[in-house]
Amino acid sequence: MAEKEINPGLKMALELGPIGVFFAAYLLVRDKVFQIGGTEYEGFILVTAGFVPLILVTTGILWKLTGKIAKMQVVTAVLVTVFGGLTVWLNDDRFFKMKPTMIYALFAGVLGFGLLRGQSYLQYVMEGMMPLQPEGWMKLTRRMAAFFVGLAVANEVVWRTMSTDAWVNFKTFGLTFAVFAFFLTQGSLFQKYGTEEEDS
């Protein structure tokens with residue numbers, strides 16, 4: 001299926017909307033306990049149960065509208081389903097809290113494996129968005145692999161040592177801000193190694 005352009009605002013809403021909905025829903029039910037089928041579930045568990053189908057639906061809509069879905073989005077949707085499902089099934093919020101760790105560790109591992117082979121797997125995923133010279137892609141890949149390791153470690157520290165409220169805030173705002181901040185700090189690399197696409 002050929003890739004199609006969609007409104008950038010709609011694309012961002014589909015990509016980041018589920019996180020915002022998760023945060024808002026958590027604030028509404030975080031102090032409540034629900035009895036379902038004779039089992040008590042905290043608000044966090046029910047919000048997680050709603051987040052899983054929401055991320056699958058928005059990912060499907062994004063694929064339908066654009067005709068393309070990034071590999072990272074597929075991996076994220078799969079891990080959300082697996083760890084979110086375990087959280088609800090076992091009624092244990094630790095699984096969902098570990099999910100970002102698994103995602104970032106997996107991304108770091110894949111990028112690191114590519115670097116060991118002398119390749120930038122990041123280039124395959126993002127080349128259309130940021131045309132760079134080969135040396136630029138390698139440098140960006142090394143930095144991003146280290147960045148993902150840092151995010152994985154940070155998530156482990158937060159969820160293991162802080163409250164659920166603190167972790168939800170960290171996941172919603174901290175991780176999102178960190179990703180934006182990372183790319184903002186790469187301006188000199190983009191400027192030095194950026195390539196201009198020739199007009200046809």
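Scanning the stretch 3-21 for residues that are acidic (Asp, Glu) and more than 14 Å from the chain's Cα centre (by Cα) returns GLU3, GLU5. In the stretch 1-52, the qualifying residues are those that are touching a Gly at 6+ places or on another chain (Cβ under 8 Å) and charged (D, E, K, R), and the one that is surrounded by the most Cβ atoms within 10 Å (Cβ to Cβ) is ARG30. Are there any pairs with C-beta distances below 8 angstrom linking a residue in the stretch 73-99 that is under 19 Å from SER163 (Cα atoms) to a residue that is at pLDDT below 90 and among the hydroxyl-bearing types (Ser, Thr, Tyr), with the two at least 6 apart or on different chains, and if so which? Short answer, once both residue conditions are applied: ASN91/THR39. Pairs meeting the criteria (first residue in the stretch 43-62 and within 25 Å of LYS32 (Cβ to Cβ), second residue surrounded by 19 or more Cβ atoms within 10 Å (Cβ to Cβ) and of a type in the set (Ser, Thr, Tyr), beta carbons under 7 Å, at least 6 apart or on different chains) are GLY43/TYR26; PHE44/TYR26; ILE45/THR87; VAL47/TYR26; THR48/THR87.
Within 26 Å of THR101 (Cβ to Cβ) and over 13 Å from the mean Cα position of the chain (by Cα): is that true of PHE34 in this structure? Steps first, please.
Values: within 26 Å of THR101 (Cβ to Cβ): no; over 13 Å from the mean Cα position of the chain (by Cα): yes.
Considered against the rule, which asks whether it is within 26 Å of THR101 (Cβ to Cβ) and over 13 Å from the mean Cα position of the chain (by Cα), PHE34 comes out as no.
The values are calculated or read from the model by the stated rules, or taken from the named source; none is laboratory data. All values derive from a computational prediction rather than experimental measurement. Cβ atoms come from the backbone with ideal geometry, glycine included; neighbour counts cover every protein chain shown.
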